[in-house]
Amino acid sequence: MKGIELIKIPKVSDIRGSIGVVEKDMIPFKINRVYYLYDVPHDAYRGGHAHKNLTQFLIALSGSFDVHLNNGKEKIKINLNKPNKGLLIKSGVWREIDNFSSGSVCLVLASEVYDESDYIRDYDSFKLFVEG
């Protein structure tokens, strides 16, 4: 689907455990904000918006959750459940996140600092935005 990409995160493992490594060349933007979602009830959802400019990289650090994506032409669902895969979501993609497992943590690396004017929170406005 245009506007998203699953990116494998390198993993270094030995008998002591594993280390996942995200370096600046892996994602196509400068990180300007980092936040994480946790303690999200199983029946709740996050997201429900798109961005005009912001690009995000989501990683399931613990547990699992579903990411529903819509670029105005296609809709897909991706289950993130391992910390060695990240989901790149570019601007102009509607996203909803649900089905959080107990103890799940979603790490988000974002290209921009928080700016409410960058959000498209109404689905009809999103459709107009992607139609040009």
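Counting only residues that are aromatic (F, W, Y) and farther than 19 Å from G103 by Cα, the stretch 14-71 holds 2 of them.
G72 meets each of the listed conditions (1) surrounded by 15 or more Cβ atoms within 10 Å (Cβ to Cβ); (2) modelled with pLDDT of 95 or more; (3) under 29 Å from D124 (Cβ atoms) apart from (2).
Which members of the stretch 38-78 meet the condition of being without any contact (Cβ under 8 Å) to a residue 40 or more places away in the chain and under 11 Å from the mean Cα position of the chain (by Cα)? Scanning the stretch 38-78 gives D66, V67, H68.
Residues in the stretch 1-37 that are among the β-branched types (V, I, T) and within 12 Å of the chain's Cα centre (by Cα) were compared, and the one that is surrounded by the fewest Cβ atoms within 10 Å (Cβ to Cβ) is V34.
For the stretch 52-76, a tally of residues being in a loop (DSSP other than H, G, I, E, B) and not β-branched (V, I, T) returns 9. The residues of the stretch 77-126 that are within 22 Å of K8 (Cα to Cα), touching a His at 6+ places or on another chain (Cβ under 6 Å) and part of a strand (DSSP E or B), listed by number, are K77, E96.
Within the stretch 7-26, residues that are of a type outside the set (A, V, I, L, M) reach partners that are outside any strand (DSSP E or B) with beta carbons closer than 6 Å, at six or more positions or on different chains, in the pairs P10/V21; K11/N84; G20/I9; G20/P83; G20/N84.
The values are calculated or read from the model by the stated rules, or taken from the named source; none is laboratory data. Keep in mind that what you see is a predicted model, and the values were worked out from it rather than measured. Glycine gets a Cβ as well: all are built from the backbone with ideal geometry, and neighbour counts include every protein chain shown.
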